[in-house]
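See below for the structure under consideration.
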Amino acid sequence: MLANHTHSIIIPNNGRITSFNNQIKKNIIIFKNKSTAPQMRRISTVSMTEEEAKQRKKSTLLPTSPHVTIYKFPLPAISSITNRATGVALYLGIGAAGIVAAFNPSEVPIILENFKESAGILVPVAKGIVAFPFVYHYSAGIRHLIWDSTTKGLDLDSVYFTTKIVIGVSAALTLGLAVITI
């Protein structure tokens, strides 16, 4: 059996929502100035289990919102997401390499030599995959340090320009590091 509950919702001018049971008299707020008084609305809530909620959602036949898949992200947003993703990739990659080296440090050079011999054509690709997060995250970090120290270049045109510079520098340095042989 579903239970109905009636609550009062106060929506103050600052936009924060406060909910309280309308039967508790001490929570009633009296405003002398009606123009600053928040709006009062009555709503009904229904208690239900999670399974009942899923069934109710299915029965409404409403489509799921496509959310972020319908938006075209601006270049600075893509750059910001890429910076975060490269940070996570660096964290995971360095952590994995550290774990391998911690358990058997003598195996790391052997693993690298075996990879070079067995899949020599993929060595530049692998080096590029390793180099890109370092280069991109470092380049974007330098841009942020400049922004923090000078507070210049934060207008939209400058952000687009510096984003293109970060992408170009990252691409060039990644390609250079991928083909270089030591």
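So which residues in segment 149-182 are surrounded by 11 or more Cβ atoms within 10 Å (Cβ to Cβ) and without any contact (Cβ under 8 Å) to a residue 40 or more places away in the chain, if there are any at all?
Selection gives 153, 158, 161, 162, 165, 168, 169, 170, 171, 172, 176.
Condition check ((1) loosely packed, with under 12 Cβ neighbours inside 10 Å; (2) at pLDDT 95 or above; (3) in contact with an Asp or Glu (Cβ under 7 Å, 6 or more places away or on another chain)) across all residues:
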{"site": "54", "(1), (2), (3)": "yes, no, no"}
{"site": "60", "(1), (2), (3)": "yes, no, no"}
{"site": "65", "(1), (2), (3)": "yes, no, no"}
{"site": "86", "(1), (2), (3)": "no, yes, no"}
{"site": "89", "(1), (2), (3)": "no, yes, no"}
{"site": "92", "(1), (2), (3)": "yes, yes, no"}
{"site": "96", "(1), (2), (3)": "yes, no, no"}
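Considering 106, 80, which residue is under 21 Å from the mean Cα position of the chain (by Cα) and assigned by TED's automatic domain parsing to the domain that holds residue 165?
80
Residue pairs, Cβ under 6 Å, 6 or more apart or interchain, first in segment 131-148 and more than 12 Å from residue 170 (Cα to Cα) and in the same structural domain as residue 163 (by TED's automatic domain parsing), second of a type outside the set (D, E, K, R) and part of a helix (DSSP H, G or I). List them.
Between residues of segment 131-148 that are more than 12 Å from residue 170 (Cα to Cα) and in the same structural domain as residue 163 (by TED's automatic domain parsing) and residues that are of a type outside the set (D, E, K, R) and part of a helix (DSSP H, G or I), the close pairs are 143/162; 143/166.
Can we say residue 102 is out of contact with any helix residue (DSSP H, G or I) (no Cβ under 7 Å at 6 or more places or on another chain) and modelled with pLDDT of 80 or more? Steps first, please.
On the way: out of contact with any helix residue (DSSP H, G or I) (no Cβ under 7 Å at 6 or more places or on another chain): yes; modelled with pLDDT of 80 or more: yes.
The answer is yes for residue 102.
Of all residues being among the aliphatic types (A, V, I, L, M) and loosely packed, with under 11 Cβ neighbours inside 10 Å in segment 68-84, which is farthest from residue 140 (Cα to Cα)? Just the residue, please.
Kept after step one, since they are among the aliphatic types (A, V, I, L, M), are these residues of segment 68-84: 68, 70, 75, 77-78, 81.
Add one more test, that the residue is loosely packed, with under 11 Cβ neighbours inside 10 Å, and what stays is 68, 70.
Numbers: 68: 24, 70: 27 Å.
Per the criteria, the residue is 70.
The values are calculated or read from the model by the stated rules, or taken from the named source; none is laboratory data. Keep in mind that what you see is a predicted model, and the values were worked out from it rather than measured. Reconstructed Cβ throughout: ideal geometry from the backbone, glycine too, with neighbour counts over all protein chains shown.
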